[in-house]
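See below for the structure under consideration.
The values are calculated or read from the model by the stated rules, or taken from the named source; none is laboratory data. Being a predicted model, the structure only gives us computed values, none of them experimental. In this analysis, Cβ positions are derived from the backbone assuming ideal geometry, glycine residues included, and neighbour counts consider all displayed protein chains.
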């Protein structure tokens, strides 16, 4: 059977003949050195010994750690700038007019109630805390930071390109071409089964099978992916419903203690639920992606890996960012207005953002999910579960061997290594980092401290991964790789996406644009005084629908309440329609998106254009090598020519003097013939090598 | 002197020792065939014999014609779609409600006068013609066409990438590396002069000179470039002034004949002046770019070329597109409103767009400049001037030789070729096409017939260039090139720029967005009826500034006139301020730009991603070649192994039987040593060749 013409250990493992096959750990010096210099937490401030890692684990794993190192290193400047930006927010919070106005009790804005019936009118100054917190993240420095981080992402990719080329030069990977891969053992097995089941096997050529599979499975894969997306969205929606109902129920409760803590309790619990859902779905999606890729029966290992990565990335990306996207772009935008609220399930009002603005909610959401995901994944999934697995494995094995223990020899290296966890590819490691890169780049405008948290995590992550590879995993089969493959494309795609997302976050989620518009278009004095008043619309309480007005009020006789929106006042001819301010602010927001996006794209192009892909040292080294080769060649050619012209034949000295002239001529002819053939066949630079050998 | 260690013919020409050096034209079959099959206009429908071109002129010129061929070929589908889009405009012009409403005399819109004092009020229905013409280019199909053309540009670049790889494969260019270039003769000469002038020559190392030059010249080059930009802008501005003053003067003329033709006369003459200015400045800029690049004294020829191209491109791009940019994005936007017009030189009102919209003016501007530039450049610069030069050259030479004519031999090939025009690089050819590509891509939303005109031009251009190369130019020195170099980057940059420019043309220059907004936001019936009324604001004639109201009017007693803008009516509280409609339309326009840009960028990425860079046939061929090589190698290895194992030494057969065993052992040792050395030094695939030779 030609299909199975590549029998090998992997086929035998796939068939279950063998249990496992792995290279043994090297107990000699190198593992020791790796552990000492690389895998200890106390070495966190050191550069990684990448060459040693490559020597022990192969190029592919070496490249992963080199990439992680470059990423972590570049997070340092990003963190510093992030801290400065945050510091600017902290320093200016007491001089910031909008938050001062919000906290000013003399301004006495009576706001419309936050829920129907049970809630009372409230004073804006009670939301002073969130307003001040909001300013920490929602200030002009954030805009600068978003531009900075977009350029940082480009810089990171360019820097990595250079590092990759340096590495592939020093690891001698420049010339390697990808050999044609063998089919995966599973692919062969499944093909074989299909053939055996089908009697008229002639019809099933390999190619036909491929197409057949692609067609039948494409459908089911698309369907499953949609299902998963649906699952994510319904999870997000479920949490929204949870938030809405719990807030409503708590607001109706008579206990004032409960009432005052509504927002904090609900937000906190909801984010934690989100986090738990994300963590659970993350694991499920990993399995689902694997299962779907198996369904496709990709032919080669590379093919399999690429498809798996794409699917897993899509699913996990959706999963991690869906709730954040919701808070950033949708929350509070469909809540309606007083007198015409939007209701879910006929009973519950759609949720609104906190009075301080949506950005602070986005910031909370982002920080908790990011930190929670990192902490839990690092501690439980990367440390806890492998330890647990190992424990179970050793427990299982110990029971039968308990009696035979005494008569047995001390365990050999393969027994020790067999007890370790098998290596399952770099995909989960890369995936974790890429999702983190998303937190650092996609929504960085709302949370300038994200790079700092990423940096802290990664400093630990490098040593954690190193320790795992050195002590907890079976030694992986060394694999060559020229680059980090599809991950580079994913990173670059995320970098591009981050520009537009940050533009929208600044324009629509933050209050940056409304403030600018107010200052330069509407403010009488050219300052921010009166901004809060300007953002609040009027509502005539007599326009409340029956039953939705507050049942009782501590605020005395209220005729008009305020709400955050740009709408015409009740006394206007088209009351409660969007006002001219609304449209002018919207125009400014959209104009900002266009300006920001094109400016950043242009700057990114310039950055990528200015930084050469190949470092100068390497260009020079290559030139020098080439020059040496040419010089050597010229030298040798000259010598050869002289030798042929003047020297007696070398080989004749091997034969005794007594040899006849016929033989001598024969040898001379042979020599000439060899050189002629070499001239025809070999390129010039190998020619010289041959000449050297022959002389 | 080490600097002049590369003396050569080009150095001698640069020093004026020789007059010219060129390869001779091949009068044998190949030039004949090229002329017959390639350079005749009657061959316009044929594919170009690219391989023959490459053989005769070298790879660099071959690549230019291949690129031109691909571009022209891809213009065919673009032209067809363009014609269909234009056809849609023609077909729907009689059912289009806005232009019907503009032509409807019953609606009787009295428009405010177009100039101060001398002009009268006028009826909108008199602008019926431009409204109908406007619809031909300003209809929903144009939006589709703009998206199509953006994708077309990406497709063109991708297609060319594939073609380039195919060509470099079949022309065996895949392996070539760029050798270190020799310095340009001029660079050496100038360096030498500087040295001789300077006595303490030790200080002037080459490197130092480079830096010194860069620093001193950077400034002057930047300054000159700014001057040129200033020149372009002042030319554009001059034409604007011309238009404004002439319109004003003509409007004041008492002759009604002149009055009625104001717009047509002024627009036509102004565009022609624009065109002439562009053509003249184009030639000047070519010289300026050359001069500036010479100032920089670039070291190598490639370096020189790249710098020249960048400068020339920047200047010519500005020159060709500045008036078009003005019409597209600035004309009519600073005209002010009735009662508060903007004046230039205190006397003349800023010009407005035609009543049919700015798009029709953009269309006229674009078509005249594009067609005029192509026709004049093709006829005068590419055919006329070379002919004239040749004539002058032959006239000059004939005069002294008149007497010696009889005694002379028939002219030899070098005499014939010397009389031809010297070849001056491909830059002007590429430049012309790139500027044309700009017309086809940058503003295609306003003129769907641009691809058609480009196609017609290029079909002729190919044969014209071919004829020039075959019959009118000295044969260029064949040069190798892997790709079209910096031109590809310029093309790709233009493709990117075209997306955003087309987005703005559709959003701001055409009336597409206001129509959509009217239909879905303001229209009572959901149809376009009433659109014209909606776009016209009211003006109370009593608000005219003293002296600006019409001196006399045929329209009886007018109290209110209309003008095209979204402003509050005179009876509103904030009269003549931008109305809510203005802001909502602006928002819609900006939202459209964001949507269009991101959609098209996403689609472009998808197109570039879906189309593989290397054609499948070539991938397969490379695979096949590799497989053959590996098979051959395996076969040879096997044979070699067998031979070494079983066969008596080959070389021993050369020596007579009588040879002693010592000698035999020596030869055997030598053989083994050679193989060992080969193993160490040679890569495996050359190994087999050596093995083959030695056996």
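Data for the structure
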{"read-out": "Hits in region A:337-356 (condition: over 16 Å from residue A:241 (Cβ atoms) and either outside the structural domain of residue A:242 (by the TED database) or within 37 Å of the chain's Cα centre (by Cα) (or both))", "value": "A:353, A:354, A:355, A:356"}
{"read-out": "Subset of region A:537-562 that is crowded, with 18+ Cβ neighbours inside 10 Å and touching a strand residue (DSSP E or B) at 6+ places or on another chain (Cβ under 9 Å) - its residue that is farthest from the other protein chains (Cβ to nearest Cβ)", "value": "A:541"}
{"read-out": "Total residues in region B:82-102, condition surrounded by fewer than 18 Cβ atoms within 10 Å (Cβ to Cβ) and outside any loop (DSSP other than H, G, I, E, B)", "value": "7"}
{"read-out": "Selected residue [over 24 Å from residue A:106 (Cα atoms) and assigned to a helix (DSSP H, G or I)] from A:571, A:583", "value": "A:583"}
{"read-out": "From B:619, B:630, B:614, residue being in a loop (DSSP other than H, G, I, E, B), within 14 Å of chain A (Cβ to nearest Cβ) and either surrounded by fewer than 17 Cβ atoms within 10 Å (Cβ to Cβ) or at pLDDT below 85 (or both)", "value": "B:614"}
{"read-out": "Residue B:118 being within 30 Å of residue B:437 (Cβ to Cβ), in contact (Cβ under 8 Å) with a residue 60 or more places away in the chain and outside any helix (DSSP H, G or I)", "value": "no"}
{"read-out": "Near pairs, Cβ below 8 angstrom, 6+ apart or cross-chain, from region A:179-193 (within 23 Å of residue B:622 (Cα to Cα)) to any residue that is surrounded by fewer than 16 Cβ atoms within 10 Å (Cβ to Cβ) and modelled with pLDDT under 75", "value": "A:182/A:6; A:182/A:8; A:183/A:3; A:183/A:6"}
{"read-out": "Residue ID - nearest to residue B:122 (Cα to Cα), chosen from residues in region B:566-593 that are in contact (Cβ under 8 Å) with a residue 60 or more places away in the chain and either surrounded by fewer than 18 Cβ atoms within 10 Å (Cβ to Cβ) or touching a helix residue (DSSP H, G or I) at 6+ places or on another chain (Cβ under 6 Å) (or both)", "value": "B:585"}
{"read-out": "Long-range neighbours under 9 Å by Cβ, at least six apart or interchain, first residue assigned to a loop (DSSP other than H, G, I, E, B) within region B:129-147, second at pLDDT below 85", "value": "B:138/B:356; B:138/B:357; B:138/B:359; B:138/B:360"}
{"read-out": "Subset of region A:323-335 (residues that are surrounded by fewer than 15 Cβ atoms within 10 Å (Cβ to Cβ) and modelled with pLDDT under 85)", "value": "A:333, A:334"}
{"read-out": "Test: residue in region B:378-386 that is in contact with a helix residue (DSSP H, G or I) (Cβ under 9 Å, 6 or more places away or on another chain), loosely packed, with under 15 Cβ neighbours inside 10 Å and modelled with pLDDT under 85", "value": "yes"}
{"read-out": "Residue list for region A:470-492, restricted to those being over 21 Å from the mean Cα position of the chain (by Cα) and assigned to a helix (DSSP H, G or I)", "value": "A:470, A:471, A:472"}
{"read-out": "Residue in region A:317-325 that is free of Cβ contacts under 8 Å to residues at least 60 places away in the same chain and in the same structural domain as residue A:114 (by the TED database) present", "value": "yes"}
{"read-out": "Criterion: in contact (Cβ under 8 Å) with a residue 40 or more places away in the chain and closer than 30 Å to residue A:303 by Cβ - qualifying residue of A:513, A:460, A:434, A:500", "value": "A:434"}
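To keep it simple, each residue is scored yes or no on (1) more than 19 Å from residue B:495 (Cβ to Cβ); (2) at pLDDT 95 or above; (3) at the interface with another protein chain (Cβ under 9 Å from one of its Cβ atoms).
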site: B:564; (1), (2), (3): yes, no, no
site: B:569; (1), (2), (3): yes, no, no
site: B:573; (1), (2), (3): yes, no, no
site: B:576; (1), (2), (3): yes, no, no
site: B:580; (1), (2), (3): yes, no, yes
site: B:583; (1), (2), (3): yes, no, yes
site: B:601; (1), (2), (3): no, no, yes
site: B:604; (1), (2), (3): no, no, no
site: B:607; (1), (2), (3): no, no, no
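Listed here are the residues, each with its yes/no results for (1) in contact with a strand residue (DSSP E or B) (Cβ under 6 Å, 6 or more places away or on another chain); (2) crowded, with 19+ Cβ neighbours inside 10 Å; (3) in the same structural domain as residue A:447 (by the TED database).
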site	(1), (2), (3)
A:105	no, no, yes
A:121	yes, yes, yes
A:130	no, yes, yes
A:150	no, yes, yes
A:164	no, yes, yes
A:170	no, no, yes
